[in-house]
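**Student:** One structure, pasted below without further comment.
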Amino acid sequence: MNDFRIPSGFEEALRPPVRTRRARLAQAVLRVGAAGEAGAARARLQRMVRRAPEVMVKITGRTRDGRHLQRHLDYITRNGKLSLEGPDGERLIGRAEIRTLAEDWRAELLVAPQRRDAPVSLSIVLSMPAGTDAGRLHDAARAFATALFAERHPYVFALHTDDRHPHVHLTVRALGRDGERLNPRKADLQLWRETFAAALRNRGVEAEATPRRARGVVRKAERTPVRKLRERFERGDGPMPKTLAGALDSAARPPSAEPPWETRLRQRQAAIRRTLVVEALRLQASKADDDRRLGQDLEQFVRTLPPVLTQREILARALAVDRERPQPARDRSR
């Protein structure tokens, strides 16, 4: 018998910054502390301490018309070389069947009242780190799509294994069968992450969907277009992205006082880490061996969390190091 319980503040430490109950496509997925389930909370804490691989569920774009959808489906099927799978295991093979699907989805929009710029579909990527079994990821993606969209929105998906990270491209028709349009909020995306992680765990794949702040990560991931522009600039193939130029300018002129959002960020991180430390100490005082081990692992986890640094501070440090670096001597012989 272990002494784990859900302590005061523990839910807040692992709660995402959005309320998943506001998600439009609500499903029964694992939530910390739901209905007082201390066992589920303990399991999630153990996965977090072990640094279980974090799932990635990302909306990568929207198609705006039939031709755009056709090009997207050609891309994710490698011009028809890969099959598309839909609900109930339906498979589309070859560019002719894919073209028919694109035309059918576009035709549905013509009979439904909508804005002129309304998207035809949403493009979603489901991904895991390198080394994840591609077959199990494919099965988890099938379960994910079935749970969230099968009764509401037509969809197709394709597995890509030609990259270091196995991933699934899922395309969902924006117009639902009941006429409702798919317009996910942040709460939906968090719920989708939790649903995908649970589907992977059900297939024996270690996976978690904890919020960044629970892992000590305070900066948002770099957006794909910005990352590509930055990498192009670093290779010398393009200009400096405006976002990076603005961040460097801000870092070069440190504010006279810490911005209020950075103050709140530090306070939130301090509260989360304090809560985890308190639970680590309590578990270490338990009579149960597994509790004491978990408490020790949790203490080590907190000790190894990254420092709380914003992008501005990281850039400011990099600029300071660059200024202190010895400059090459000038050639005075000329």
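**Student:** Select from the range 257-305 the residues that are exposed (fewer than 13 other Cβ atoms within 10 Å of the Cβ), more than 30 Å from the chain's Cα centre (by Cα) and either outside any helix (DSSP H, G or I) or of a type outside the set (A, V, I, L, M, F, W, C) (or both) and list them in ascending order.
**Tutor:** ALA257, ALA285, LYS287, ASP289 - these are the residues of the range 257-305 that are exposed (fewer than 13 other Cβ atoms within 10 Å of the Cβ), more than 30 Å from the chain's Cα centre (by Cα) and either outside any helix (DSSP H, G or I) or of a type outside the set (A, V, I, L, M, F, W, C) (or both).
**Student:** Give me the pairs, please: first residue somewhere in the range 191-215 and in contact (Cβ under 8 Å) with a residue 12 or more places away in the chain and buried (at least 17 other Cβ atoms within 10 Å of the Cβ), second residue anywhere and part of a helix (DSSP H, G or I) and polar (S, T, N, Q), beta-carbon distance under 6 Å, and either six or more positions apart or on two chains.
**Tutor:** LEU191/THR20
**Student:** Of the residues ALA174, ALA130, ALA150, which single one is in contact (Cβ under 8 Å) with a residue 12 or more places away in the chain and under 19 Å from the mean Cα position of the chain (by Cα)?
**Tutor:** Of the residues listed, the single one that is in contact (Cβ under 8 Å) with a residue 12 or more places away in the chain and under 19 Å from the mean Cα position of the chain (by Cα) is ALA130.
**Student:** May I ask you to say which residue of THR171, THR210 is of a type in the set (Ser, Thr, Tyr), outside any helix (DSSP H, G or I) and under 19 Å from GLY89 (Cα atoms)?
**Tutor:** Every option except THR171 fails the conditions.
**Student:** Additional query: Go through the residues of the range 91-108 one by one and say whether even a single one is under 22 Å from PHE196 (Cα atoms) and of a type outside the set (Phe, Trp, Tyr).
**Tutor:** Checking the range 91-108: at least one residue is under 22 Å from PHE196 (Cα atoms) and of a type outside the set (Phe, Trp, Tyr).
**Student:** Still on this structure, please answer the following. Using the structure shown, decide if GLY135 is within 19 Å of the chain's Cα centre (by Cα) and free of Cβ contacts under 8 Å to residues at least 12 places away in the same chain.
**Tutor:** no
**Student:** Another question, then. Taking the condition among the aliphatic types (A, V, I, L, M), free of Cβ contacts under 8 Å to residues at least 12 places away in the same chain and in the same structural domain as VAL172 (by TED's automatic domain parsing), does ALA107 pass?
**Tutor:** For ALA107, the condition - among the aliphatic types (A, V, I, L, M), free of Cβ contacts under 8 Å to residues at least 12 places away in the same chain and in the same structural domain as VAL172 (by TED's automatic domain parsing) - is met.
**Student:** Right, something else. Hey, among the residues in the range 83-108 that are surrounded by fewer than 18 Cβ atoms within 10 Å (Cβ to Cβ) and of a type in the set (A, V, I, L, M, F, W, C), which one's modelled with the lowest pLDDT?
**Tutor:** Per the criteria, the residue is ALA107.
**Student:** Residues of the range 143-156 being surrounded by fewer than 22 Cβ atoms within 10 Å (Cβ to Cβ) and closer than 23 Å to GLY94 by Cβ, which ones?
**Tutor:** Matches in the range 143-156: PRO154 only.
The values are calculated or read from the model by the stated rules, or taken from the named source; none is laboratory data. From a predicted model like this one, the values you see are computed outputs, not experimental measurements. Ideal geometry is used to build each Cβ from the backbone, glycine not excepted, and the neighbour counts take in all protein chains shown.
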